[in-house]
Amino acid sequence: MFIERPFRVHRMMYPGAEFRYSKDYKIAYLTFDDGPHPQITPWILDLLDSYHIKATFFCVGNKVEKFPEIYQMTQDRGHAIGNHSYRHPAGFRVDDDDYLDDVRKASKLIDSKLFRPPYGQLRKSQFNILKEEYRVVMWDIITRDYSKYMTADKVFKGVKKYTRNGSIIVFHDNELSEERMKGSLPRSLDWLIEQGYAFDVIT
């Protein structure tokens, strides 16, 4: 995985993919990957409601199948939705046909033209096809809340260090990230607001 902010070569590999929005406006784009989850996603939705913040949730198709009511709840609360594949495969490890079939299977469940590749991995051939069908959304900051080497405090410090105008920020609504995400997200929101950031969804 890439650390916090993607390397320049990673950005250059995917011309036209979205890593960051306008640096002219103090806006942050909160995103959440890997849900929906029956306990974690509602906790995030309640927290965001309390701050009157909307975010973008990149959902995994087989979880949407399993928890359709949470998927619908996310949309009903006014948040944006993106495709994060059906089985969460790593593009470098899957042949093109299988990878594209997986993304398209998810698209039958996830009504969105946004796509974020799991792990930020796409073969060039996969990217060239998918960019014609979707807006490929990467990130400017990945919090690494999934890493056992991180703590909630380190995640929060990363948000403080790397957020800038137009940053697309990734947290995760999965079991692996739960403790670090819950320990850092409220602090991150408080800090972002104190710094004068507004929030927007990706559409």
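The values are calculated or read from the model by the stated rules, or taken from the named source; none is laboratory data. This structure is a prediction, so every number in the text was calculated from the model and none was measured. As a convention, Cβ positions derive from the backbone with ideal geometry for all residues, glycine included, and neighbour counts pool all protein chains shown. What goes into the accessible areas is simple: the full protein's heavy atoms, side chains included, and nothing from ligands, DNA or RNA. Shrake-Rupley method; radii C 1.70, N 1.55, O 1.52, S 1.80 Å.
Here is how the numbers come out for the structure above:
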{"item": "Residue among L130, L109, L122 that alone is part of a helix (DSSP H, G or I), closer than 22 Å to Y86 by Cα and open to solvent by less than 70 Å² (accessible area, probe 1.4 Å)", "result": "L130"}
{"item": "Positions within segment 57-106 being touching a helix residue (DSSP H, G or I) at 6+ places or on another chain (Cβ under 9 Å) and among the polar types (S, T, N, Q), in sequence order", "result": "N62, T74, N83, S85"}
{"item": "Residue within segment 144-152 that is part of a helix (DSSP H, G or I) and open to solvent by 10 Å² or more (accessible area, probe 1.4 Å) present", "result": "yes"}
{"item": "Only listed residue being assigned to a loop (DSSP other than H, G, I, E, B), free of Cβ contacts under 8 Å to residues at least 40 places away in the same chain and not hydroxyl-bearing (S, T, Y), chosen from P6, P38", "result": "P38"}
{"item": "Enumeration of residues in segment 78-88 that are assigned to a loop (DSSP other than H, G, I, E, B) and open to solvent by 10 Å² or more (accessible area, probe 1.4 Å)", "result": "G78, H79, Y86, R87, H88"}
{"item": "Residue tally, condition polar (S, T, N, Q) and part of a helix (DSSP H, G or I), over segment 153-203", "result": "2"}
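So that you can scan it fast, the table gives a plain yes or no per residue for (1) of a type in the set (K, R); (2) in contact (Cβ under 8 Å) with a residue 40 or more places away in the chain; (3) closer than 24 Å to F92 by Cβ:
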residue: R116; (1), (2), (3): yes, yes, yes
residue: Q121; (1), (2), (3): no, no, yes
residue: R135; (1), (2), (3): yes, yes, yes
residue: Y146; (1), (2), (3): no, no, yes
residue: K160; (1), (2), (3): yes, no, no
residue: G166; (1), (2), (3): no, yes, no
residue: H172; (1), (2), (3): no, yes, yes
